[in-house]
Each structure stands twice: as C-alpha cells, then as structure tokens.
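Heads up, the thing below is written out as structure tokens.
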Number of protein chains: 2
Amino acid sequence: MAETIGAATVTLEQAEAFLRDFAKMSEFGATPNGGVDRQAASEADIAQRRWFAGLLESHGFRVEYDRIGNQFGLLELMPGAPYVVVGSHMDSQPTAGRYDGAYGVLAGAHAAFRLAEEWRAEAVIPRYNLAVVNWFNEEGSRFVPSMMGSSVYTGVLPVGQALATTDRAGVSVAEALAPTGFLGDGDGPPAAFCAEIHIEQGRLLENAGTTIGLVSASWAASKYVVTVEGAQAHSGATIMDDRQDALYGAALLVVFARELADRFPGALHTAVGQLDVYPNSPVVVASEVKLLLDLRCADEAVLAEANALLHERFAEIERVANVGISQTLSHEWGINPYQPEGVALARAAAERLGYAHGEILTVAGHDSINMKEMVPTVMLFVPSVEGVSHNEGEYTRDDDLVAGLDVLTDVVRRLAHGELAASAGMKVQA
Amino acid sequence: MAETIGAATVTLEQAEAFLRDFAKMSEFGATPNGGVDRQAASEADIAQRRWFAGLLESHGFRVEYDRIGNQFGLLELMPGAPYVVVGSHMDSQPTAGRYDGAYGVLAGAHAAFRLAEEWRAEAVIPRYNLAVVNWFNEEGSRFVPSMMGSSVYTGVLPVGQALATTDRAGVSVAEALAPTGFLGDGDGPPAAFCAEIHIEQGRLLENAGTTIGLVSASWAASKYVVTVEGAQAHSGATIMDDRQDALYGAALLVVFARELADRFPGALHTAVGQLDVYPNSPVVVASEVKLLLDLRCADEAVLAEANALLHERFAEIERVANVGISQTLSHEWGINPYQPEGVALARAAAERLGYAHGEILTVAGHDSINMKEMVPTVMLFVPSVEGVSHNEGEYTRDDDLVAGLDVLTDVVRRLAHGELAASAGMKVQA
C-alpha cells in the first residue's frame, strides 16, 4: 500500500520551520540552565497552550478542549469519520528538559500540517480525520496520577476524580483549569487510531546507532504507595532504644530498593522519587514518612521475584526500625504489547525513508500506553543523548528530531489512509 | 541564708490555681489527640500570648516585648536593680505535647505571683526585680534556628538576621510578628540571674524515682546541615548505573547515623529529623536532598570519634551513590556546665522542701543554655512519663508539676534575695 501514498521526506524549509517552532516552545517556562519548568496548569503551561492554540488555528485546525482539559487541534476532511489522534503532552516535571512530551506534540502538529497541505494540494480526502493532541498532565508531578488526561479520555480514570485531585497547595485540577478556558464539556474527538513520538529517555538507541525506535511493548511495573509509621519524639533527649523513627525505616527501604535492582542487573529498575517526612522538624523524630516506590522490569518472572523479596524486607524493616509499614499497589502492569500491526506499519515507514530502526521496549509510561488499550496505536522513539531525561540537560540532536518527524508524518499518513484498517484481522473500534 | 527566706510549700489552693491555668493554656492550639500545635507566631501562639499577657497583668506585672518578640512580665520592686529572669517558651513543635516549654513559663509566672504576694504581705523588698519570660521561638520548627529569642537576648544571634529568617512559605519573623503587637524596640529587662524549669524529655528521673533534676551541664553536640547533590533523571527509563540519586545517598546517611549511635550505646544519640527532597516528583530521580543531622553525646572523646567516622562515611557514600555531599557544622558544643553554685542553690531548695533530687545532664537544648553564658543560671527538670516528648502523648504527673513549681519558687526567692550574689567568688554581671 505504501506506493499509493507517495514519498515522505522533510524539506529543508519544513525542518527549519519545525525547529523554529520548537525553539519558541522551549521559551515557555524556560529555566536558567537550558531546561523548562512547566508543570500542569502552571502559568507557563497555560501560556504555552495559548500559543499552541494559535499555531493550530493559523494552520486551519479547529481547537477544542474536553472535560479534563486535553487540547485538540482538529482537521475534519471526512465528515463524521473518527480521528487519527497524534501528539503527546506539553507539561513537564520541575527543572526538566525541553524534549520530553513537547517534541511529540509539535511533531504531531507539523506532521498534521504537512499532510493537510499535501491533501489540499492533491485534492485527496483521507479516510480518517486528524486530531493533534496535547494531553493534560502526563507528568503527574503537580497532580497525581500521571497520564491524567489520556486516562480520562480512555475511560480508565473517572473525570470527577481527576478534577477533584489537589496539588500540595490544596488547589484542585478543576480550580486550576477553570479560569484558563481550557476546560471543555465534551469527551473529545472519537479516535480510530493513535500515534505518538517521544524521546527514548534511555540510551539503547544511541548505543546501537539507531535513529528510530519502534516501540513494541512497555515494561512490567509495580508501583507502591508506602507509609512508614513511627512515633514523634525528641530527636536529642529520647534514648535510641525507645525511638520509632519513621525516617530511619524509610531510609532502610530506599537503600533496599537500590540493592534489589543490583540483584537483577539491567532487568530491574527501582526508584523512590518522592518522599515526604512528618513533622519534618529539626529536633523531632519523624512519626510518618510517605514515599512512592517503583519497580519496573523487562521480565515478569523477575518482577514477581523482586516483589516477593520486597515484601520480606517490609517485614524485616518493621522489626529492625520498630515501625509499621503499610503499602498499597497503585499500579501493576505486565509486559504490555503495542499492536504488532502498528509496529509493522512503523517499520515499513522507517524502511521506506531509509532511517536506521529497531524494536524497543518503553520503560517510561506514555499516554500511548493508555491509548493502545482503546485503539491501534503506534509509538516511536528518537534517541536521547546519553539517556539524560527529566533533567535540564536532556538533549536530542536536531537531525534525529527531524528524522522522527519524517517517520511520524508517514505513519500518520498511513493511518489516515486506512492502512491498519485494511490489515487482515485487525479490529478497529471507532 | 535559707533560714531567712521562710518555708516554701505550695498550698492546695495554689496548686489548683496552677493546674487550672495549665489546663487553660493547653487549649491554645489543642490537637484532637491531646497535644498542641503552637508553632512560633502561629495563630495559636499569638492567642496564647494574649491570654498570658492578661494573666501577668491581672497579677500586677507590667508586660513588655523586646526587639525579637520575647514576652516579659515585670515586677520592679527595687527601682533600677537588674532582674531574676524566670520562664521558658510557649511555642511548640507540630503535633507536640502540652508540657514542653509551656510548663516552665507558667511555673515561672506562678512562682513570681506567689513571691509578689509574700513580699507584699511581709513588706519585703527583694534585692533583685522579677521578670517572667516567654522566649520567642525556642522550638525552631517554623523559623530556624531554635532558641531564637534567647539567642537574640543574649547577643549570640544578631536581631536583624533573626527578623529576616523566613518560614517555608517565605514569611519572615518580622512579617509574622509585626501585626501582633509583640515586636518591641528595646533589649528587654537587664538580667542578674536566670532560672528555668522544664520536663526532662528523657526517662532517667522516672527510672531513678527522682522528682527534681538539678541540671549540671548540657551534652556535647555536633549539628550538621548536609546537602546531597545528584542529578535529575527519569526514575524508570534511566539505567541504574547512570543514576546519581541524591535520595539514595541521603538514605545511606540516615541509616549510618543510626548505626553510629549503635556503636556507642547510651553515650551517643543521633538523628535526622528534617529531610527535603528536590524535585520530589513520583517519576524523577532526586537531584538534591537537604537534611539536618545531629550527634549528641555525654562524652566529648566519643563525640570526636563519632565525628571522624561520620566524615569517613561521607566520602564512602559519595563513591557508592555517585553523589556529592557538602556539609557545614551549624552548631558545635562541648559538655557545657551550669554554674556549680546554682546547682548547689537548687539542691538546697529541693532538700529543704523534701523532694527526691539528683544531678542530671540535659540532652535537649534550652533557653537557659544561652542564659548561663550571660548570668548565673539554675535549670531544673521534672520527670517525663516514659520519656515521651515532642509527641502528643507527652505527660508529666500533676504532683511532679506542683513539686517543680514549689522548688522553682524557692530557687527564685533565693536568687531574688541575692543568695548567689553573696556566694564567695561568684561573679555577677548585671
């Protein structure tokens, strides 16, 4: 089918326009060290969304918001047909990099702009309409959980629960979004397919000299919300044997998480990214520590073994530190594949365009992981230099950014023309 | 000299009045679990100070504030003479106990009320005037450092620096105090002597069946402000070997602090009470952790050895966790004695009144530790049940509270009559 679609290459002018817009994007929430701080519904996020709405409208796309503030740029050429949804998220972690999410939204937009021009020039009507998407609050640093916008869109998270979620200052999502005009009342455009491109955030592509990662599955993961309960005490006067130090218990757990990863080198990633101490006063033994502990694994059997070891350790720490540990599993995923037909479609695109490509798993979560449960979804990666991410030094080379845009454009073209709908045995919900 | 002062015993009526006022005091910032939350210059602290000013005035004391908001209740019977300063602090840690500080302020006030009545009834003019004191911000949970009010009063901390100190919300001491009317413009009354009574916050008195602790010295201490520097990274995608996880480094340090205390059982207390993670986001490896690490010790040689081991461990953790550790010693104290003449005076008072008494060291810091560097100072302890403190369950039995009030009254009486000024070789600054 590829022959009927026409050659896909990015012109120098298109590449420059893309990089110019990307530089402009990176000004929103820019930090002194070359990164961005653009947490969900922050001033910087809001200002960037306004700019992006203007960009979409200047290319003839209609801008629409759903009930959780997902931002869509719609091109409806086939009245009533469902949409190929392409994009990512523009919110960021604090002091984060410029590429994470933002690259995928802008690449989705430029791919859509180029296809719109093509179709206009060639008087082609595609089989599906186009929706560029900027998912709300993918990062989850201000409002937990992450991937909030795509979770509501796909029905995994009730919209009422999402809107009621509060940040540390007690501001709810509804309160943060209401004054911005980004809170719509619908469910967003109906999807037929989805595509997302993202930086890898690891270093496998770079190490292998591969430009385009064809994401075939996501790592298995177990994510725990852990509370360590001790008792407040004077941090000087209280004799050591009497202490029930919640921070000591939590520290033993943070150290164990690293030791656990060391037992399964390469196969298991563990982390405690968030940890809050109460009362967190200089002269008080902590009575409570809350932390988030993640295990991510390329092998479900290893993950099961690691979880068992972790549970043994919970009990040991309770004994050693004289604390109580309660924990709930907030997420538990197995190795979760993307549709193989989508991977094949992406491979065909990369091959035709002559970019080095290879299959890869994603360790990080992405909105496409939600979307692939709803519709056939294609996920692409471009390399991250030295794997640096969630860091102001995050970097992807311009030629890789443009290569990714090139492949994404062909992927969206193929999806819009119905290449996956035509695949034998492919069930399409629309 | 004791014979000339007259017998000291608390009448039932005086005891009941004291316990009634103490119950009233405990209503300010009361928590559901029987404790208090009355951080410096909080609403509860302010309301309690207003109540206390009224109590002082109703007993004929003139209320005055100095430049850092220390609250004084003055009884000037000998015009121009310096003061016996007696009291403690009414601010508390978050979710703290009712006794810490508050007991000492109220006992100081009731001792002063009783002496004022005595002197009026007997037409006695003491040699020194009386100042009941409620030191500002002893706890240091909202505004660091602790013992702020007494540090400014004794000239250890510049007032400008104290007033500019901000809490986590960015509110300065000056801003918090200005609207309350508690910010005066003077240096407070000149001191000749000082007395303070406090709950022990440990369990030595209880274990020994002793009612009155005669505090002879404070433990040596080294207090560190530690920053662990790593690098922000994706907590899932980043391979483990690439991580520079500041929280892992900090956790190794928290665990080591406990191991260090275990090497010197009973002699060394260690603690990390405050620990802050940046950016503290669920999916980000922390780039920076700041924490406060204290070593407190009854033996200066042990403390020196512990400090040396700690510095070795700093270097090991930098290597193991691939982080940088910078630290400054914010406080460094040796074993620091109270004036032996003051201890002898307190012993004489306890003996005459027939209370079981014994010498004890203080592990915790108290405003009297600042004051004893300026003037001869007497520090008394009463027992803490099971040593529980900085905890809503903090408890001291009523009869111990009243016994402490009784001894404190006699101590203040002796100080006001010049018993220490008369001691051979005792230098009194006034």
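The values are calculated or read from the model by the stated rules, or taken from the named source; none is laboratory data. None of the values given here were measured: they were computed from a predicted structure. Heads up, the Cβs are rebuilt from the backbone with ideal geometry, glycines too, and the neighbour counts pull from every protein chain shown. Surface areas here come from the heavy atoms of the whole protein model, side chains and all, with no ligands, DNA or RNA. Shrake-Rupley method; radii C 1.70, N 1.55, O 1.52, S 1.80 Å.
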>> If a residue must be over 20 Å from B:ASN207 (Cβ atoms), within 14 Å of chain A (Cβ to nearest Cβ), part of a loop (DSSP other than H, G, I, E, B) and open to solvent by 10 Å² or more (accessible area, probe 1.4 Å), how many such residues does the range B:357-388 contain?
In response: 1
> For B:VAL84, which of the numbered conditions (1) surrounded by fewer than 24 Cβ atoms within 10 Å (Cβ to Cβ); (2) away from chain A (no Cβ under 14 Å) fails to hold?
Replying inline: (1)
> Looking only at the range A:271-293, which residues are at the interface with another protein chain (Cβ under 7 Å from one of its Cβ atoms) and either over 17 Å from B:GLN93 (Cβ atoms) or in a strand (DSSP E or B) (or both)?
Replying inline: A:ALA271, A:VAL272, A:GLY273, A:GLN274, A:LEU275, A:VAL277, A:VAL284, A:VAL285, A:LEU292
>> Condition first: outside any loop (DSSP other than H, G, I, E, B), open to solvent by less than 10 Å² (accessible area, probe 1.4 Å), within 12 Å of chain B (Cβ to nearest Cβ) and not basic (Lys, Arg). Can you find one or more residues in the range A:191-204 that meet it?
In response: yes
> How many residues does the range B:304-320 hold that are aliphatic (A, V, I, L, M), within 14 Å of chain A (Cβ to nearest Cβ) and either open to solvent by 10 Å² or more (accessible area, probe 1.4 Å) or closer than 22 Å to A:ARG296 by Cβ (or both)?
Replying inline: 1
>> Residues to consider are B:VAL277, B:VAL289; find the one that is free of Cβ contacts under 8 Å to residues at least 60 places away in the same chain and either surrounded by 24 or more Cβ atoms within 10 Å (Cβ to Cβ) or farther than 20 Å from A:THR270 by Cβ (or both).
In response: B:VAL277
> Restricting the range A:237-259 to residues that are more than 7 Å from chain B (Cβ to nearest Cβ) and in contact with a Lys or Arg (Cβ under 8 Å, 6 or more places away or on another chain), which is surrounded by the most Cβ atoms within 10 Å (Cβ to Cβ)?
Replying inline: A:ASP245
> Somewhere in the range A:38-60, is a residue open to solvent by less than 50 Å² (accessible area, probe 1.4 Å) and of a type in the set (Ser, Thr, Tyr)?
Replying inline: yes
> Regarding A:VAL225, is this residue open to solvent by 20 Å² or more (accessible area, probe 1.4 Å) and either away from chain B (no Cβ under 12 Å) or not basic (Lys, Arg) (or both)?
Replying inline: yes
>> Conditions first: (1) assigned to a loop (DSSP other than H, G, I, E, B); (2) surrounded by fewer than 20 Cβ atoms within 10 Å (Cβ to Cβ); (3) within 12 Å of chain B (Cβ to nearest Cβ). A:ALA231 passes all but one, so which condition is the exception?
In response: (2)
> Is the range B:167-185 home to any residue that is within 21 Å of B:TYR83 (Cβ to Cβ), open to solvent by 30 Å² or more (accessible area, probe 1.4 Å) and in contact with a Leu (Cβ under 6 Å, 6 or more places away or on another chain)?
Replying inline: yes
> When you look at A:ASP400, is it assigned to a helix (DSSP H, G or I), farther than 28 Å from A:LEU74 by Cβ and modelled with pLDDT of 95 or more, yes or no?
Replying inline: yes
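Every residue, every condition in (1) farther than 14 Å from B:ALA257 by Cα; (2) part of a strand (DSSP E or B), yes or no:
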position	(1), (2)
B:LEU303	no, no
B:ASN307	no, no
B:LEU310	no, no
B:ILE325	yes, yes
B:GLU332	yes, yes
B:ALA346	yes, no
B:ALA350	yes, no
B:TYR355	yes, no
> Hey, B:PHE22 hits all of (1) crowded, with 19+ Cβ neighbours inside 10 Å; (2) more than 19 Å from B:GLU392 (Cα to Cα) but one; which does it fall short on?
Replying inline: (2)
> Limited to the range B:294-303, what total is found for residues that are surrounded by fewer than 24 Cβ atoms within 10 Å (Cβ to Cβ) and at the interface with chain A (Cβ under 10 Å from one of its Cβ atoms)?
Replying inline: 1
